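Notes follow once the structure below has been shown.
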Amino acid sequence: MDKEPKTEKSLEEKLREDGFRIEKAQVENEPRQCEGCMKEDNFKFHDRGWLLEGSFYCENHKAGALEVLRKINEDGKSNPLTGI
């Protein structure tokens, strides 16, 4: 029997498996500002983007936000809270 080739999961899939909330958002009725854009002093409103742990990011800033979540996830795994 042939084995299926192993495919590497995307960072987004790995974070979802670890419990992070990552959802595609379409907010046509109420456009939102991207957290990443606002940090760059760009206050443009977007009608599509991503909700990452409740914060809205446009497509341009999604990868950077996922990378921050990855670092948080790694830190949480290497330095777990104890005694809770």
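The values are calculated or read from the model by the stated rules, or taken from the named source; none is laboratory data. The structure displayed is predicted, hence computed values, not measured ones. Glycine gets a Cβ as well: all are built from the backbone with ideal geometry, and neighbour counts include every protein chain shown.
In the set (1) in contact (Cβ under 8 Å) with a residue 24 or more places away in the chain; (2) in contact with a helix residue (DSSP H, G or I) (Cβ under 9 Å, 6 or more places away or on another chain), Y57 fails one condition alone, (1).
Among residues of the range 29-48 being over 17 Å from the mean Cα position of the chain (by Cα) and polar (S, T, N, Q), the one that is surrounded by the fewest Cβ atoms within 10 Å (Cβ to Cβ) is N29. Checked against the criteria, F20 counts as assigned to a loop (DSSP other than H, G, I, E, B), closer than 26 Å to N73 by Cα and either modelled with pLDDT under 95 or touching a helix residue (DSSP H, G or I) at 6+ places or on another chain (Cβ under 6 Å) (or both).
Residue check: D47 meets all listed conditions (1) of a type outside the set (A, V, I, L, M, F, W, C); (2) touching a strand residue (DSSP E or B) at 6+ places or on another chain (Cβ under 8 Å); (3) in contact (Cβ under 8 Å) with a residue 24 or more places away in the chain but one, namely (3). Taking residues in the range 2-14 that are at positive phi, and partners anywhere that are at pLDDT 85 or above, not one pair has Cβ atoms closer than 7 Å while being at least 6 places apart or on different chains.
K71 - would you say it is modelled with pLDDT of 90 or more, out of contact with any helix residue (DSSP H, G or I) (no Cβ under 9 Å at 6 or more places or on another chain) and not in a loop (DSSP other than H, G, I, E, B)? Considered against the rule, which asks whether it is modelled with pLDDT of 90 or more, out of contact with any helix residue (DSSP H, G or I) (no Cβ under 9 Å at 6 or more places or on another chain) and not in a loop (DSSP other than H, G, I, E, B), K71 comes out as yes.
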